[in-house]
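Data block below; observations after.
The values are calculated or read from the model by the stated rules, or taken from the named source; none is laboratory data. Bear in mind the structure is a predicted one, so any value in this text is a computation, not a measurement. Heads up, the Cβs are rebuilt from the backbone with ideal geometry, glycines too, and the neighbour counts pull from every protein chain shown. Ligands, DNA and RNA are stripped out before the accessible areas are found, and what is left, the full protein with its side chains, is counted by its heavy atoms. Shrake-Rupley method; radii C 1.70, N 1.55, O 1.52, S 1.80 Å.
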Amino acid sequence: MFASVAGFELRYQLKNPVFWVSGLLFFLMTFGSVASDTIQLGSTANVHVNSPSAIATTHLIFSIFFMFVSTAFVANVVVRDDDTGYGPILRATRLRKFDYLYGRFLGAFIAAALCFLFIPLAMIVGSAMPWVDAEKLGPLRLDAYAYTYVALVLPTLFLVSAACFAHATATRSLMATYVGVVAFMIVYLVAVALAAKPQFRTVMAYVEPFGTAAIGNATRYWTATERNTLLVPLLGPLLWNRLIWTGVGLGALAAAYPLFRFAAPAGKVKRREAERQDALDTTDLRASKRPSEAPRQDEGVLQPSPPRHPEEGRRGGPVSKDAAPRRDAVPAQLFARTRLDMGQVFKSPAFFVLLALGLFNSGAGLWFTTTESIYGDNIFPVTRVLIQVLRGSFTFIPLVVSIYYAGELVWRERDRNTDALVDATPTPDWVFAAPKIVAITLVLFAMLAVSILAAMTVQLIRGFPHFELGKYIGWYLLPETVNAALIAVLAVFLQTLSPHKFVGWGLMVVFIISTIVLPKIGFEHNLYIYGGSPDVPLSDMNDQGMAGLARTWFLIYWSLIALGLCVLSAVLWRRGADASLRPRLRRLPRRLAG
């Protein structure tokens, strides 16, 4: 039974969109660190981007951010059955507590470990790109990838998964588990900053849970040749670090057993009983209000329809009495569907994972950027400096949100087999397409606003509470929202054309890669790179200068093109049983006539 439960959980996690969107996100970030000159993690001027040292550093850095993904896998295991109402059915079977609890954990942990494999895959693919300078590459060392993954990464994944699993078991709350992860990350970053002194290096090599301090101690005085050829030996503090924290993970996993109660929480039982009683009361109330008189004689008899006006339906002819109410219903439908689509995004665990990743990635950049110095003078956390950090570290997350949720929202009804009911409603096609784009845009606006709050928090902590909200809005929030909305429109359009959402996601990945590849081979003009606009230097004296005006014109240019894509998405929207593209293209001229 243990193996059956673990296999079921693994299959469930592999079908979960969180697995694929997280894998795609880390694949793109790792690919950019290898194939781009602007992002360097483990390599320097003389160290290859695919050297054993760079492989170890890259894997360890991403294992820290992977905490949020591991939490999404293992924390959901404990609360999912009670949330879906499937828990009482499982408790009525002969399933043992041990098999249920640890079988679920094993399946989720294997899924997390498989998802992390997107990172070494991205390093291998990125180092094979033709535009990467050959002098920056060494030989393909599969043994270095395997050693790093098994000896360095898997213990970290097990520790994080076991700790989050135990926390979720104790709290029975996915949100509480995420709060615990965020609190741990804050404590971890503060402790690392305080212990960044030579006298603490040996202690940190043992107590730092991710192994980065132990790796740093072991390779601190290595030459470039040693970093390009040697594997970090699993000896001394590094070995003890891995053993200690693996033992901590085992202890957390053991603590989860007495903390887990193979019964529904009392609060949820009472709430469900109240909901069921409310439903019964509502049914009784409706029954009491039902008229008791006998049915009218004309009930069930098909009545003749009133004669149509000879000019009805023609342009300029009389309008039926219910035409005006129908027109008034369209804005209400648009608002309701937009709220529904936004709710699906905000209530999704993947959204919190992506938002947390973006905040911590940008938070680290915001914090450590203001600790640097230029010509011996410390940098004040002024608005223009923090905006430049946000542009480089946070705006990638809205890109992933646009791509992922475009597929989820466009294909929601078909994935849940409710498309036949929805398509039969008397609703214009644009009321289906427009809310997807509006909802994603509003979600991206909210995410960018949250990143501004993070920057202002850093300013406050750094003792520089000079908040220039107008610059945050004009220099960052509005233009970046437009950029993200352009990607959202393109993603929805491609999902409308695609026969499956995975095909749409694949097309967007091709688009992202093309934006990296085309400038490398000479195609770099913003007039034909979708969403392209010039970089805008920020100045407290000169504002955005002429570059800001040029970017505004490019944003207008691409917004008009995106408006055309919105129209095409509406007229090509799939409705009915025949969802293939060819008949929709044949109907395109007739639909555009309106």
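Can you name every residue in region 554-572 that is open to solvent by 60 Å² or more (accessible area, probe 1.4 Å) and closer than 16 Å to G474 by Cβ?
Within region 554-572, the first condition is being open to solvent by 60 Å² or more (accessible area, probe 1.4 Å), and the residues that meet it are 556-557, 560-561, 563, 567.
Within region 554-572, I556 is the sole residue that qualifies.
Just the residues that are assigned to a helix (DSSP H, G or I), polar (S, T, N, Q) and modelled with pLDDT under 75, please, taken from region 329-370.
Scanning region 329-370 gives N361, S362, T369.
How many residues, within region 394-423, are open to solvent by less than 20 Å² (accessible area, probe 1.4 Å) and in a helix (DSSP H, G or I)?
13
List the residue pairs whose Cβ atoms are under 8 Å apart, where the first residue sits in region 541-562 and is more than 27 Å from A491 (Cβ to Cβ), the second is buried (at least 16 other Cβ atoms within 10 Å of the Cβ) and of a type in the set (K, R), and the two are 6 or more positions apart or on different chains.
Q544/R551
Being in contact with a helix residue (DSSP H, G or I) (Cβ under 9 Å, 6 or more places away or on another chain), part of a helix (DSSP H, G or I), open to solvent by less than 30 Å² (accessible area, probe 1.4 Å) and under 30 Å from V78 (Cα atoms), is that true of even one residue in region 187-197?
Checked region 187-197: at least one residue is in contact with a helix residue (DSSP H, G or I) (Cβ under 9 Å, 6 or more places away or on another chain), part of a helix (DSSP H, G or I), open to solvent by less than 30 Å² (accessible area, probe 1.4 Å) and under 30 Å from V78 (Cα atoms).
Do you know which residues across region 486-511 are in contact (Cβ under 8 Å) with a residue 40 or more places away in the chain, farther than 10 Å from A406 by Cβ and open to solvent by less than 20 Å² (accessible area, probe 1.4 Å)?
If the condition is that a residue be in contact (Cβ under 8 Å) with a residue 40 or more places away in the chain, farther than 10 Å from A406 by Cβ and open to solvent by less than 20 Å² (accessible area, probe 1.4 Å), then L486 is the only one that fits.
Restricting the search to region 553-594, which residues are of a type in the set (S, T, N, Q), at pLDDT below 90 and more than 13 Å from A434 (Cα to Cα)?
Answer for region 553-594, where residues must be of a type in the set (S, T, N, Q), at pLDDT below 90 and more than 13 Å from A434 (Cα to Cα): just S580.
If only one of I119, I110 is in a helix (DSSP H, G or I), open to solvent by less than 10 Å² (accessible area, probe 1.4 Å) and either within 21 Å of A218 (Cβ to Cβ) or at pLDDT 80 or above (or both), which one is it?
I119
Give region 528-547 a look and list any residue that's touching a helix residue (DSSP H, G or I) at 6+ places or on another chain (Cβ under 8 Å) and either on the phi < 0 side of the Ramachandran plot or of a type in the set (F, W, Y) (or both), or say none.
I529, Y530, G532, S533, P534, D535, V536, P537, L538, S539, D540, Q544
Filter region 451-465 down to the residues that are in contact with a helix residue (DSSP H, G or I) (Cβ under 7 Å, 6 or more places away or on another chain) and either free of Cβ contacts under 8 Å to residues at least 12 places away in the same chain or open to solvent by 30 Å² or more (accessible area, probe 1.4 Å) (or both) and list them by number.
Residue satisfying the conditions is P465 alone.
Would you point out which residue out of F73, F98 is open to solvent by 10 Å² or more (accessible area, probe 1.4 Å) and at pLDDT 75 or above?
Values: F73 fails: open to solvent by 10 Å² or more (accessible area, probe 1.4 Å).
Residue meeting the stated conditions: F98.
In region 133-180, what count of residues is obtained for those that are of a type in the set (S, T, Y), open to solvent by 30 Å² or more (accessible area, probe 1.4 Å) and assigned to a helix (DSSP H, G or I)?
Here the count works out to 3.
State all residues of region 373-415 that are over 28 Å from T481 (Cα atoms) and modelled with pLDDT under 75; if no residue qualifies, say none.
Correct list: S373, I374, Y375, G376, D377, N378, D415.
Being closer than 18 Å to F360 by Cβ, crowded, with 23+ Cβ neighbours inside 10 Å and out of contact with any His (no Cβ under 7 Å at 6 or more places or on another chain) is the requirement here; does A183 meet it?
It is false that A183 is closer than 18 Å to F360 by Cβ, crowded, with 23+ Cβ neighbours inside 10 Å and out of contact with any His (no Cβ under 7 Å at 6 or more places or on another chain).
Which one is farthest from the chain's Cα centre (by Cα) among residues in region 466-485 that are open to solvent by less than 40 Å² (accessible area, probe 1.4 Å) and either of a type outside the set (F, W, Y) or under 13 Å from W558 (Cα atoms) (or both)? Reasoning before the result, please.
Filtering region 466-485 for residues open to solvent by less than 40 Å² (accessible area, probe 1.4 Å) gives 472, 474-477, 479-481, 483-485.
With either of a type outside the set (F, W, Y) or under 13 Å from W558 (Cα atoms) (or both) added as a condition, the list becomes 474, 477, 479-481, 483-485.
On the way: G474: 26, L477: 19, P479: 21, E480: 17, T481: 17, N483: 17, A484: 14, A485: 16 Å.
By that ranking, first place goes to G474.
Can you spot a residue in region 567-587 that is on the phi > 0 side of the Ramachandran plot and under 26 Å from the mean Cα position of the chain (by Cα)?
no
Kindly list the number of the only condition in (1) of a type outside the set (G, A, S); (2) modelled with pLDDT under 75; (3) open to solvent by 10 Å² or more (accessible area, probe 1.4 Å) that fails for V79.
So V79 meets the others, but not (3).
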